[in-house]
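The values are calculated or read from the model by the stated rules, or taken from the named source; none is laboratory data. All of these numbers come straight from a predicted model, not from anything done at the bench. For neighbour counting, all protein chains shown are included, and Cβ atoms are generated from backbone atoms with ideal geometry for every residue, glycine included. With ligands, DNA and RNA removed, areas are computed over all heavy atoms of the protein, side chains included. Shrake-Rupley method; radii C 1.70, N 1.55, O 1.52, S 1.80 Å.
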Amino acid sequence: MAEDWDSAAKVDRTEEFRGALDKSVNRLRQKFNQMARGIAPRHCPLCGYYGKFGPFGSPPRYDARCPSCASLERHRLITLYLLRNPVLSKEHRLLHFAAERPLRRFVSSQVGRYETAELRVDTNPDHVLNIEAIEMPDESFDRVMCNHVLEHVDDAKALSEIRRILRPGGIAFLTTPVCEGWPATYENPEVSSREDRFLHFGQNDHVRFFGHDIRDRIRAAGFRLEEMVAVEPDVHRHGLMRGETLFIALKPEVAA
Ligand SMILES: [Zn+2]
């Protein structure tokens, strides 16, 4: 039997399958073009657009990006939360890390002082800050927004620093990729090259993939935690990612 397998394995069948592969690629291309135009009309709570959304990412997620304001699923989830809960006011000073353009106009319109923070100066932020060691006084902000940053950095340091710069009663709005089926966050010190990080963590500059225990990690930094999960009918109406979670981390009024 082993000999049969060996002889079969020696026949290069690439050419034989090339035609089938080409047909398959053409079918996928047609399907992609069809899906890329959007599946059904959605409503964007950020800009009011109603119509089909476009794809985003590689590999692409369909119905992800609003063609009017470029919002993605998480931006619309956060906006729905902010529209339904009176958590921002003109009395508030808010710091937005890695500030996403689609969210800026709406969030800045809801608070008294809106400031952006980036690790580098390239995008002309209000502050150039390292989230692991934030050069800001204690208790200087009422609100912090930080989307898809924690998976790039030392999350224990970052969460501790966010808590420090928040005033008592302050709130941090946090999103990050989470694998809810994993009880524990996956970290691996042997994974350090860009290629390996892409393979293990899904992006070449991610340093972990959070599991369900992200809640424990946020609480360990001294926060109380509430959540908004993307569920129906919001998912189909607004083009959200099923089960995506917005973590609302609250700094207690009185130190525990
Ligand atoms: Zn929009």
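Name the single residue, out of those in the stretch 45-59 being assigned to a loop (DSSP other than H, G, I, E, B) and open to solvent by less than 50 Å² (accessible area, probe 1.4 Å), that is farthest from the ligand (Cβ to nearest atom).
Of everything passing the filter in the stretch 45-59, GLY57 is farthest from the ligand (Cβ to nearest atom).
Which members of the stretch 60-71 meet the condition of being in a loop (DSSP other than H, G, I, E, B), open to solvent by 10 Å² or more (accessible area, probe 1.4 Å) and either touching a Cys at 6+ places or on another chain (Cβ under 6 Å) or more than 10 Å from the ligand (Cβ to nearest atom) (or both)?
Selection gives PRO60, SER68, CYS69.
Quick one: HIS236 ticks every box in (1) part of a helix (DSSP H, G or I); (2) surrounded by 13 or more Cβ atoms within 10 Å (Cβ to Cβ); (3) without any contact (Cβ under 8 Å) to a residue 24 or more places away in the chain bar one, so which box is it?
(3)
Check off (1) out of contact with any Gly (no Cβ under 6 Å at 6 or more places or on another chain); (2) open to solvent by 70 Å² or more (accessible area, probe 1.4 Å); (3) in contact (Cβ under 8 Å) with a residue 12 or more places away in the chain for PRO177 and give me the number that stays unchecked.
With respect to (1) out of contact with any Gly (no Cβ under 6 Å at 6 or more places or on another chain); (2) open to solvent by 70 Å² or more (accessible area, probe 1.4 Å); (3) in contact (Cβ under 8 Å) with a residue 12 or more places away in the chain, PRO177 is out only on (2).
Report yes if LEU21 is touching a residue at least 24 places away in the same chain (Cβ under 8 Å) and either out of contact with any Asp or Glu (no Cβ under 7 Å at 6 or more places or on another chain) or assigned to a helix (DSSP H, G or I) (or both), otherwise no.
Working: touching a residue at least 24 places away in the same chain (Cβ under 8 Å): no; either out of contact with any Asp or Glu (no Cβ under 7 Å at 6 or more places or on another chain) or assigned to a helix (DSSP H, G or I) (or both): yes.
For LEU21, the condition - touching a residue at least 24 places away in the same chain (Cβ under 8 Å) and either out of contact with any Asp or Glu (no Cβ under 7 Å at 6 or more places or on another chain) or assigned to a helix (DSSP H, G or I) (or both) - is not met.
So which pairs qualify, if the first residue must be in the stretch 113-126 and in contact (Cβ under 8 Å) with a residue 24 or more places away in the chain, the second must be assigned to a strand (DSSP E or B) and among the acidic types (Asp, Glu), the Cβ gap must be under 9 Å, and the two must be at least 6 apart or on different chains?
PRO125/GLU115; PRO125/GLU118
Please enumerate the residues belonging to the stretch 163-179 that are in a strand (DSSP E or B) and aliphatic (A, V, I, L, M).
Within the stretch 163-179, LEU166, ILE171, ALA172, LEU174, VAL178 qualify.
State all residues of the stretch 96-150 that are farther than 24 Å from GLU73 by Cβ and not in a loop (DSSP other than H, G, I, E, B); if no residue qualifies, say none.
ARG113, GLU115, HIS127, VAL128, ASN130, ALA133, PHE141, ASP142
For the stretch 72-106: of the residues being within 12 Å of the ligand (Cβ to nearest atom) and basic (Lys, Arg), which is nearest to the chain's Cα centre (by Cα)?
The extreme case among them is ARG76.
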